[in-house]
């Protein structure tokens, strides 16, 4: 689920000022050595592949943070993701987030006077995003040696090869130049100029992130929302 077109104006304003900046956001998978997380993630990925609603709901927190601000809970989660349907985008979106690796973060808000628990959020982009870089107009390339093309087409010439670069984003959703092609592109500005990167190779810190907490009864998903939810 890419960023809404409503953010485009803010994106353009910031991208012009910061387009020449070159910085990396290297991939992270901070719980890779935690056997309990690895086992849980594998079970969850398997359940998503099978569209196993029962297992997904069993590991979702009853107060899960959702995409609509202020609307928490299982009922809203099922409604927003249309879990009754095999065509629900959650099977693809949550799998995509988990495959990219996760990183720990602690939310600023406190619960009942106590420090909020540390959360493991996937993809890692949310937790690792540099505070000095404005998030609305930028994205992180999450692949090695991906080509920024001169046109939105895999046949177009390469403007610059990118590996885990933070890039200024001019447009999050561009159709392929070839009519009927399912490929979507993100228009970016890099030091070599403007180019187009496959949408699956760029992630924003404010798009969907799944956050998990480890408790006495194992892992549970406490959020699946833009920027981890409120």
### Query
Which residues does a label at residue 46 reach in region 89-105, if reach means a backbone N under 17 Å from a point 7 Å past the Cα toward the Cβ?
95, 99
### Message
If neighbour count is taken as other Cβ atoms inside 10 Å, put 154, 163 in order from fewest to most.
### Response
163, 154
### Query
Restricting to the chain, what percent of DSSP beta bridges are antiparallel, rounded to 5?
95 percent
### Label-point gap, in nm, between residue 85 and residue 173 - each point 7 angstrom along Cα→Cβ
1.5 nm
### Query
Once percent of Cα pairs over 23 Å apart is worked out from the coordinates, which option in (i) 53; (ii) 50; (iii) 58 does it equal?
(ii)
## Note on the structure
Of 174-183, 195-204, ordering from highest average Cβ density within 10 Å down gives 195-204, 174-183
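Tell me the mean residue ellipticity at 222 nm calculated for the chain from its helices only (DSSP H runs of n ≥ 4, each -39500 (n - 2.57), averaged over every residue, nearest 500). It would help to have the intermediate numbers written out before the result.
Working: 6 runs with 54 residues, N = 230.
The per-residue figure over the chain is -6500 deg cm²/dmol.
Kirkwood hydrodynamic radius, computed over distinct alpha-carbon pairs, for region 128-215: how many Å, to one decimal? The partial results should precede the final answer.
Numbers: mean 1/r = 0.0737 Å⁻¹.
Evaluated over region 128-215, this radius sits at 13.6 Å.
List 59, 169 from most exposed to least, where exposure is judged by having the fewest other Cβ atoms within 10 Å.
59, 169
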### Query
At a Förster radius of 22 Å, what calculated FRET efficiency corresponds to the Cβ-Cβ distance of residue 99 and residue 154, to the nearest 0.05?
0.55
### Summary
Hits in region 127-163: amide N under 18 Å from the 7 Å Cα→Cβ extension of residue 192, namely 140-163
### Relative contact order (%) - criterion: Cα under 8 Å, at least six apart; region: the chain
26 percent
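Taken together, the values in this text are just the output of simple stated rules run on the coordinates, not laboratory data. Please read all numbers here as calculations on a predicted model, not as lab measurements. Neighbour counts are summed over all protein chains in view; Cβ atoms, including those assigned to glycine, are modelled from backbone coordinates with ideal geometry.
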